[in-house]
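Input: a single structure, listed below in structure tokens.
Any read-out appearing in this document is the output of simple, stated calculations on the displayed coordinates, not a laboratory observation. Bear in mind the structure is a predicted one, so any value in this text is a computation, not a measurement. Cβ atoms come from the backbone with ideal geometry, glycine included; neighbour counts cover every protein chain shown.
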Amino acid sequence: MGNHDALDALINTLLTGPLAPQVTLDAPLGSRTTYRVGGNASVLVALDSPDQVLPLFDALSGSSVPTLTVGRGSNLLVADTGFAGVAIVIRDAFAEITIDGTTVIAGGAAKLPVVARAAVNAGLGGFTWAVGVPGSIGGAVRMNAGGHSSEMADVVVSADIVDFSAVDFNAAAERTWPREELAFGYRTSALQPSQLVLRATLDLEPGDVVEGKAEMLGIVQWRRDNQPGGQNAGSVFTNPPGDSAGRLIDTAGLKGLRVGTAEVSTKHANFIQADPDGSADDVLALMKEIMRRVHETHGVELHAETHVVGFEEGTWQPQ
């Protein structure tokens, strides 16, 4: 069965099954990202309850249609042509936060700043850095998000994962992955696009409420002072060992460099700003040009922190 036929068959299954009210066809996806550019997903399924996970798994089982789990889109660039597959999002029912002693269990849809503030209010430390990260717990686990010399790998004990590419739901699809199996690296983990973080268990440390609140205020102010607002996805490239991607881009003279509707931020060189109603293809083209010029100037190969979706094979590497 070809991709188009497989997609049609899956759409028919979804629209005639119990998840029909959760399904949107040709759904805006780029606008769900912090770049706010890019095209639509062929299908978007929004889960409002944990009870809907199994029906979605049953619908996807055996299908060759690509799936993509989407959090708050703060590290995602969707091609202007969109994503020819099923995008999966989880809503407020997956955002619950429970705290017992120094253990925090946060749903995959919980916002990092909300979890950070809840932890501080409960007298816990070690997670204040997350107040300035505009992502979800699920996305943060997936990419081992971090900041201010801390990262998710420092606090994650385990994560409950659904693997929509698994063959048997009972055997492998939904289970707890310990920290070791998540295989955290610098802005990476073992998680694949078809794997959804339902919740994560964090082990924090005792802290002081007043000191924690003051620390969070300082982090928020630092980000306002040093990083741009507007339509961007945070750091575009990971830092090379012993250096800073922002410094390399800046000293290559690339602040303010523009390709169409995308521009290297004049405030922080490792951020790309997208114009309102801009083009994701322009953002990608600018990323490639930055990589080319940094390599030409410094002999350093930059690697993207931004996750790109829907672009044709072979369009990623710079010429």
Exercise for the section: Multiply the residue separation of residue 181 and residue 222 by 0.36 nm, subtract the distance between their alpha-carbon atoms, and state the gained length in nm to one decimal. Expected result: 11.4 nm
Problem - Added length on full extension, which subtracts the Cα-Cα distance from 0.36 nm per residue, residue 192 to residue 93 - result: 33.4 nm
Exercise for the section: Rounding to the nearest 20 debye, state how big the charge dipole of the chain is about its Cα centre with +1 on each Lys and Arg Cβ and -1 on each Asp and Glu Cβ. Expected result: 800
Completion exercise
Cα-based Debye curve of the stretch 1-157 sampled at q = 0.17, 0.18 Å⁻¹ gives log₁₀ I(q)/I(0) of -1.00, -1.07
Completion exercise
From DSSP H assignment alone, runs of 4+ in the chain each adding -39500 (n - 2.57), the sum over residues rounded to the nearest 500 puts [θ] at 222 nm at -8000 deg cm²/dmol
Problem - Kirkwood Rh, Cα atoms: Rg over Rh of the stretch 228-309 - result: 0.93
Exercise for the section: Note the full-extension length gain between residue 154 and residue 243 as 0.36 nm times their separation in residues minus their Cα-Cα distance, in nm to one decimal. Expected result: 29.9 nm
Fill in the blank from the handout: Ordered by fewest other Cβ atoms within 10 Å, a rough proxy for footprinting exposure, 209, 264 read 209, 264
Problem - residue 3 paired with residue 61, simple spin-label distance in nm, labels 7 Å along Cα-to-beta-carbon - result: 2.6
Completion exercise
Distance in nm between residue 31 and residue 267 label points, each 7 Å along Cα→Cβ, equals 2.5
Practice task
Under 19 Å Cα to Cα from residue 255, which lysines show up? Leave out anything in the same chain fewer than 8 places away.
Solution key: 267, 288
Handout entry: Calculated FRET value between residue 165 and residue 103, using beta carbons and R₀ = 22 Å, to 0.05
Key = 0.15
Completion exercise
Averaging 1/r across every pair of distinct alpha carbons in the chain and inverting yields a Kirkwood hydrodynamic radius, in angstrom, of 20.5
Problem - Low-density loop cleavage sites - chymotrypsin sites (Phe, Trp or Tyr not before Pro) in the stretch 165-263, where at most 15 other Cβ are within 10 Å (DSSP) - result: 186
